[in-house]
1. Between Thr86, Thr69, which is within 19 Å of Lys39 (Cα to Cα) and modelled with pLDDT under 95?
2. I'd like to verify a number: residues in segment 56-90 that are closer than 22 Å to Asn103 by Cα, in contact (Cβ under 8 Å) with a residue 12 or more places away in the chain and of a type in the set (Asp, Glu), how many?
3. In contact with a Ser or Thr (Cβ under 7 Å, 6 or more places away or on another chain), of a type in the set (Asp, Glu) and at pLDDT 90 or above, is that true of Glu54?
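The values are calculated or read from the model by the stated rules, or taken from the named source; none is laboratory data. Note that the coordinates shown come from a computational prediction; the quantities given were computed from them, not determined experimentally. Here Cβ is always computed from backbone atoms with ideal geometry, including for glycine, and neighbour counts include all displayed protein chains.
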Amino acid sequence: MISLKKPVLLPALATALLLAATVGPCPARAQSAADEGQKLAFDRSKGNCLTCHEIKGGGMAGNVGPALTDIKKKYPNRADLVEIITDETKRNPLTVMPPFGRNHILTDKEIDAVVDYLQTL
């Protein structure tokens, strides 16, 4: 049994906890976020991406926006995708894409999940 009363073990325990907290997301968590992002993207009452975009695996896709393919290649900077989904009117005032973040259609967490999904396309 480890005794936390020994002063030598406290710094080691603190270091171990700090390292565990700073390690990046595990692949399972990233996949889970991508799965949630797909659900949001295909959900007609939330992300609703299929209304305007063709997406592999999605039905009844629209053609107002570009097909969502090779996203990581087209947008290597993840922050660009976040900004596009949050409020594309900042980059393109004439866009028909809804500002999902600005209008509180999606939360920041939901936008992150959609971006995680889009980066798998």
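1. Values: Thr86 fails: modelled with pLDDT under 95.
The conditions single out Thr69.
2. Going through segment 56-90 one residue at a time, the tally reaches 1.
3. No; evaluated as a whole, the condition is false for this residue.
Residues checked against (1) in a helix (DSSP H, G or I); (2) modelled with pLDDT of 85 or more:
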site	(1), (2)
Leu17	yes, no
Gln31	yes, no
Gln38	yes, yes
Val64	no, yes
Leu81	yes, yes
